[in-house]
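Below: the structure, in structure tokens.
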Amino acid sequence: GNSVTQMEGPVTLSEEAFLTINCTYTATGYPSLFWYVQYPGEGLQLLLKATKADDKGSNKGFEATYRKETTSFHLEKGSVQVSDSAVYFCALPPQGGSEKLVFGKGTKLTVNP
Amino acid sequence: GAVVSQHPSRVICKSGTSVKIECRSLDFQATTMFWYRQFPKQSLMLMATSNEGSKATYEQGVEKDKFLINHASLTLSTLTVTSAHPEDSSFYICSAREGSGHQPQHFGDGTRLSIL
């Protein structure tokens, strides 16, 4: 079935460091791919998405490129800020009659000043 | 756009009380709404899926008589935790989706439920 494998955290960086959070997936066909972010004490927010191969999703300085050859959707940011401290979830939309959004386990990022 | 409002954000109540949580899509019509539960330091666990005007579909292991879901309109779903006990204390999050499964879900800010 569909699955998402996400880099395990926690990840701790200093402000202005480069961030990469790896995400690979197993799915039928070429589904849309999502990154969600959960700030402390809040629900999830859609951070960015890509709907087809080679698409690049971007938002708030974060980017992720849909790579079908490596079945990956790695999240990157060139210069993180303290306010980026959160948990990041890679996700696949439901497939095959299921309504379940398939989440990775989440990666907790802490950015220190 | 795509704002989902969840209310209340925090509830503290005595054991045996029933608690209702509301989830509203503010600027779109939600074909499907979802209720999740999140334990500390874990990912979200889907509890149930509901489509407007029909009965909710519960995930395995979720008691439908314990967690009553109503999706009366395209913009409102409610989750009622009946006769809540301390083990029901958790972070509950709703989400809403417009259209098919290829569309992203948009999440509320969650409700922290604490049963004393």
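Observations
The rows are residues; the columns are (1) under 30 Å from A:Glu8 (Cα atoms); (2) among the hydroxyl-bearing types (Ser, Thr, Tyr); (3) within 13 Å of the chain's Cα centre (by Cα).
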| residue | (1), (2), (3) |
| --- | --- |
| B:Arg37 | yes, no, yes |
| B:Pro40 | yes, no, no |
| B:Leu44 | yes, no, yes |
| B:Thr49 | yes, yes, yes |
| B:Ser54 | no, yes, no |
| B:Thr57 | no, yes, yes |
| B:Gly61 | yes, no, no |
| B:Ile69 | no, no, yes |
| B:Thr78 | no, yes, yes |
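- When the residues of the range A:66-95 are filtered to those that are facing another protein chain (nearest Cβ under 10 Å) and either polar (S, T, N, Q) or assigned to a loop (DSSP other than H, G, I, E, B) (or both), the one that is farthest from A:Ile21 (Cα to Cα) is A:Gln95.
- Residue check, A:Gly1 more than 13 Å from chain B (Cβ to nearest Cβ), at pLDDT below 95 and outside any strand (DSSP E or B): yes
- Qualifying residue in the range A:43-55 (condition: touching a Phe, Trp or Tyr at 6+ places or on another chain (Cβ under 6 Å), within 10 Å of chain B (Cβ to nearest Cβ) and in a loop (DSSP other than H, G, I, E, B)): yes
- When A:Glu63 is tested against (1) under 12 Å from the mean Cα position of the chain (by Cα); (2) free of Cβ contacts under 8 Å to residues at least 24 places away in the same chain; (3) under 21 Å from B:Pro40 (Cα atoms), just one condition goes unmet, and that condition is (3).
- Reported count of residues in the range B:1-47, each being in contact with a His (Cβ under 6 Å, 6 or more places away or on another chain), part of a strand (DSSP E or B) and hydrophobic (A, V, I, L, M, F, W, C), is 2.
- Candidate set: the range B:48-92, residues that are within 11 Å of chain A (Cβ to nearest Cβ), without any contact (Cβ under 8 Å) to a residue 60 or more places away in the chain and not in a loop (DSSP other than H, G, I, E, B); chosen: the one surrounded by the most Cβ atoms within 10 Å (Cβ to Cβ): B:Ser50
- Looking across the range A:82-93, just one residue is surrounded by 14 or more Cβ atoms within 10 Å (Cβ to Cβ) and polar (S, T, N, Q), and that is A:Ser85.
- Where a residue in the range A:21-38 is within 12 Å of A:Phe73 (Cα to Cα) and within 12 Å of another protein chain (Cβ to nearest Cβ) and its partner, wherever it lies, is among the hydroxyl-bearing types (Ser, Thr, Tyr) and in a strand (DSSP E or B), with Cβ under 9 Å and at least six apart: A:Pro31/A:Tyr25; A:Leu33/A:Tyr25; A:Trp35/A:Tyr88
- Take the conditions (1) within 12 Å of chain A (Cβ to nearest Cβ); (2) small (Gly, Ala, Ser); (3) over 25 Å from A:Ser32 (Cβ atoms); B:Gly101 misses just one of them, which is (3).
So that you can scan it fast, the table gives a plain yes or no per residue for (1) surrounded by fewer than 21 Cβ atoms within 10 Å (Cβ to Cβ); (2) more than 16 Å from the chain's Cα centre (by Cα):
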position: A:Met7; (1), (2): yes, no
position: A:Val11; (1), (2): yes, no
position: A:Thr26; (1), (2): yes, no
position: A:Lys52; (1), (2): yes, no
position: A:Leu75; (1), (2): no, no
position: A:Gln95; (1), (2): yes, yes
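The values are calculated or read from the model by the stated rules, or taken from the named source; none is laboratory data. Nothing here was measured: the structure is a model prediction, and the numbers come from that model. Don't worry about glycine lacking a Cβ; one is built from the backbone with ideal geometry, like all the others, and counts go over all protein chains shown.
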